[in-house]
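To start, the structure under review is shown below, and the notes come after it.
The values are calculated or read from the model by the stated rules, or taken from the named source; none is laboratory data. Since the structure is predicted, the reported quantities are computational estimates derived from the model, not experimental observations. Ideal geometry is used to build each Cβ from the backbone, glycine not excepted, and the neighbour counts take in all protein chains shown. Surface accessibility is based on the protein's heavy atoms, side chains included, excluding ligands, DNA and RNA. Shrake-Rupley method; radii C 1.70, N 1.55, O 1.52, S 1.80 Å.
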Amino acid sequence: SVGSVFHGVNRPSSPDQYYSLSYSTFVVPLINAVKELKGENEGLKTDVSTLKQENEALKARLVKIEKVLGL
């Protein structure tokens, strides 16, 4: 047990039946979680792109400063 209650399992009512999963309580939350992670991933990609641009600008400034200082 992982400490959470999951109501998506349909237990058999007799020994000759099988366990099953309820689509709506199992798959839909997984799809929503993937959508949420996709949104977070897109935000992180944007952040990385911004940081790369800032880094390149700082490198260029450093090169100019080093030239002025004769380094």
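Rounded to the nearest 10 Å², what accessible area does Leu69 have for a 1.4 Å probe in the complete protein model?
120
Accessible surface of Lys52 in the full protein assembly, 1.4 angstrom probe, to the nearest 10 Å²?
Approximately 130 Å² for this residue.
Based on a Kirkwood Rh over C-alpha pairs, give the Stokes-Einstein translational diffusion coefficient of the chain at 25 °C and viscosity 0.890 mPa s in µm²/s.
141
With unit charges on the beta carbons (Lys and Arg positive, Asp and Glu negative) and the dipole taken about the Cα centre of the chain, which residue among Ser14, Ile65, Val27 sits farthest to the positive side?
Of the options given, the answer is Ile65.
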